[in-house]
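Each reported figure results from applying straightforward, stated rules to the coordinates on display, with no laboratory input. Because the structure is a prediction, the values reported are computed rather than measured. Heads up, the Cβs are rebuilt from the backbone with ideal geometry, glycines too, and the neighbour counts pull from every protein chain shown.
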Amino acid sequence: MALVRKQLRHLVQARSGDKGNTINIAVIAPNAEVYAVLLQEVTVERVKAHFCGMVEGDVKRYEVPGLHAMNFVCRGALGGGGSRTLRIDNLGKCYAANLMRLEIDIDDTVLAGS
Amino acid sequence: MRTIRIGAGQGFYGDSIIPAFETARRGNVDYLCFDSLAELTLAILQKDRQRDPAKGYASDIAGMLRELLPIARATGLKLITNAGGMNPLGALNVAERLARELGLQGLKLAVVTGDDVKLKLSDIAAEGVTLSHMEDGRDIAAVQDRIVFANAYLGAEPIVEALRLGADIVITGRVSDSALFLAPLIYEFGWNAEQDWELLAQGVLMGHLLECSGQVSGGNFSGNWQAVESLESIGFPIAEVREDGEFVVTKTEGTGGLVSAATVKEQLLYEIHDPSSYKTPDVMLDLTGVQLQDVGPNRVQVTGARGAARPDTFKVVMGYADGWLGQAIWGYSWPDAVAKAQAADRIIRKQIEALQLQYEEIRTDYIGLNSIHGVLAEEPAEEPNEIYLRMAVRTTSRDDAAKLGRLVPPLMLSGPPAMGAFLGVMKPRELLGMWSCLVPREIIERGIRVTVQEVV
């Protein structure tokens with residue numbers, strides 16, 4: 001048993017979308033074991049820090065344990081919203097992909113099971 | 001137990017119409033529901049209506065109806081669409097003309113109006129509604145004189161009424177996306193729209209899963225996307241809904257794409273904030289107990305949505321004029337592509353300053369390097385073959401917005417070496433801010449009209 005460092009891209013599904021100047025990112029673990037690690041590692045603080053310079057408002061995390069899912073709601077994330085922003089990803093469709101860069105520590109035995 | 005089959009026809013204005021034809025012909029559905037209106041679609045349609053008062057609806061409705069009206073007549077398939085956009089009556093005229101041309105006398109067309117409240121805003125305010133921004137409480141005064149559209153997200157009830165009046169085709173303006181899909185269930189199963197919260201919750205969940213068309217049937221799938229077959233002929237989702245609300249998401253046999261617990265799960269939280277209380281005009285939806293089960297190839301059973309009483313307000317979303325976007329895109333070749341693009345950026349910025357162009361914001365993205373990942377982008381491991389840069393400006397003046405693009409062509413001869421792929425001067429685009437607020441249900445409901453007419 002040993003901790004390994006992994007990017008979320010190897011661990012989860014994720015999809016993002018917009019409402020006004022707010023985006024949400026749904027993050028879905030493949031099983032309860034990985035989900036338990038996500039709950040510890042992918043915190044509001046880490047996500048907010050990860051998106052420093054892109055998300056200006058607060059970040060909230062909601063949990064749906066039955067589906068091993070969590071939902072991050074990030075305000076002030078689109079430079080004013082889809083029809084106002086100068087950003088190229090004006091609808092925030094790629095925020096989920098951006099979050100996949102985040103690295104977390106995970107037990108290799110948990111990884112073996114997923 | 002009775003079951004009805006509902007198909008998703010479209011996920012936004014501009015979506016492919018071909019999967020809807022496939023579903024209508026081979027999908028054995030009772031209803032096809034089309035969501036044409038994303039949040040900013042009304043901004044586009046409002047501009048159309050400004051140019052021509054007969055327009056302002058989603059214009060692809062004509063091609064869609066030409067193909068589907070004869071099928072509707074032959075099989076009893078009913079169509080529900082919010083393609084009316086900013087001008088539901090204009091869309092109705094198109095439908096009527098087409099139906100007559102196709103010899104479909106007797107077909108019943110319904111239109112729902114009353115979502116457009118732009119001309120009623122001062123009356124609404126006079127009743128004591130603040131119209132303050134629902135997220136940050138800002139005062140409407142800041143944007144009041146710049147509002148270009150204001151529409152309430154209506155619920156399923158007017159659509160249900162249209163169906164009760166015998167409508168074959170129902171055209172609406174802004175309604176909540178899920179209401180388009182929920183309405184047939186209330187009508188067919190006799191669910192009580194003011195009481196059956198658990199059933200309504202399942203119905204809204206079904207609508208939520210289907211409203212984005214291909215996003216639940218294998219499109220935009222972050223899981224094992226490379227294993228999803230034949231996206232070129234993707235099947236749009238179909239729901240088989242039982243009278244007790246339990247439903248299966250599936251798609252027409254022989255179409256491409258994939259419906260699995262994984263694809264459904266990914267759509268479940270799409271554009272939702274608090275999963276325990278997703279506010280819709282028809283019910284407060286709690287998704288936290290939802291269960292998904294693969295019950296066959298391309299078949300996922302969905303249960304466990306919970307509901308609570310609907311809110312006593314409707315959401316009204318307004319768009320307000322908020323300046324102009326000017327932009328330009330051009331590229332540079334290896335070697336030193338990044339350095340060349342950065343030099344071009346410096347040159348343009350200095351010229352903007354020298355010409356005293358009044359830009360409130362100037363943004364430069366390097367396409368291929370950081371245009372999507374922004375500050376999170378990593379340095380490329382190898383020197384890139386080419387880099388495009390995209391400059392964008394925000395300004396209050398349309399003319400000043402247009403001036404940005406004209407600075408670029410001279411760089412071909414007088415800028416850094418090996419510039420290519422300048423795609424032409426892009427037209428300025430008007431920027432719209434979005435303003436969301438809450439208005440008491442009964443104020444909006446007073447203005448809702450359902451009109452049914454027979455094609456003669």
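Observations on the model:
- For the segment A:85-93, counting C-beta atoms of other chains within 10 Å of every residue's C-beta and taking the mean gives 6.
- Listed values for the stretch B:445-456 are Karplus-derived 3J(HN,Hα) couplings in whole Hz (6.51 cos²θ - 1.76 cosθ + 1.60, θ = phi - 60°), namely 4, 4, x, 7, 10, 10, 10, 10, 9, 9, 6, 10, and x replaces Gly and Pro.
- Summarising the strand pairing of chain B, around 80 percent of its internal DSSP beta bridges are antiparallel.
- For the stretch B:414-426, 3J(HN,Hα) per residue [Karplus equation, 6.51 cos²θ - 1.76 cosθ + 1.60, θ = phi - 60°, Hz, x = Gly/Pro]: 10, x, x, x, 6, 8, x, 6, 6, 8, x, 6, 8
- Contact order normalised by residue count of the stretch B:308-440, Cα under 8 Å, 6+ apart, percent: 49
- Chain A - mean residue ellipticity at 222 nm from DSSP helices (-39,500 (n - 2.57) per run, n ≥ 4, rounded to 500): -6000 deg cm²/dmol
- 3J(HN,Hα) from dihedral phi, the stretch B:267-278, Karplus parametrisation 6.51/-1.76/1.60, rounded to Hz, x for glycine, proline: 7, 4, 9, 4, 6, 10, 9, 7, x, 8, 8, 8
- Residues B:D145, A:D105, sorted so that the one with the fewest Cβ neighbours within 10 Å comes first: B:D145, A:D105
- Here is how the number arises for chain B: DSSP H runs of 4 or more residues each give -39500 (n - 2.57), the sum is divided by the residue count, and the result at 222 nm is -8500 deg cm²/dmol.
- The protein assembly as shown - charge dipole about Cα centre, Lys and Arg +1 at Cβ, Asp and Glu -1, debye rounded to 20: 1340
- Cα-based helix-to-principal-axis angle, B:337-354 vs chain B, degrees rounded to 10: 80
- Average Cα contact separation per residue, chain B, under 8 Å, 6 or more apart, as relative contact order %: 18
- Neighbour counts of C-beta atoms inside 10 Å place B:I443, B:I18, B:I348 in the sequence B:I18, B:I443, B:I348, starting with the fewest.
- Local electrostatic count at B:G219 - Lys and Arg +1, Asp and Glu -1, tallied over other residues with Cβ under 14 Å: -2
- Between 0 and 90°, nearest 10: helix B:41-51 axis offset from chain B longest Cα axis: 80
- Distant-in-sequence amide H partners of B:I367 (H built 1.01 Å from N, under 5 Å): B:Y388, B:L389, B:R390
- Legend: ranking of residues B:R2, A:R84 from fewest to most surrounding C-beta atoms inside 10 Å; resulting order B:R2, A:R84.
- Other residues lying with their Cβ under 15 Å from the Cβ of B:D244 contribute a combined charge of -3, Lys and Arg counting +1, Asp and Glu -1.
- Share antiparallel - DSSP beta bridges, the protein assembly as shown, percent rounded to 5: 85
- Counted charge near A:V64, where neighbours are those whose Cβ lies closer than 14 Å (Asp, Glu -1; Lys, Arg +1): +1
- Separation of the stretch A:3-81 and the stretch B:76-132, taken as the distance between their Cα centroids, equals 38 angstrom.
- Test item: Cα-centred dipole of the stretch A:12-103, Lys/Arg +1 and Asp/Glu -1 on Cβ, debye: 340
- Taking the centroid of alpha carbons for each part, the stretch B:135-193 and the stretch B:346-390 are 42 Å apart.
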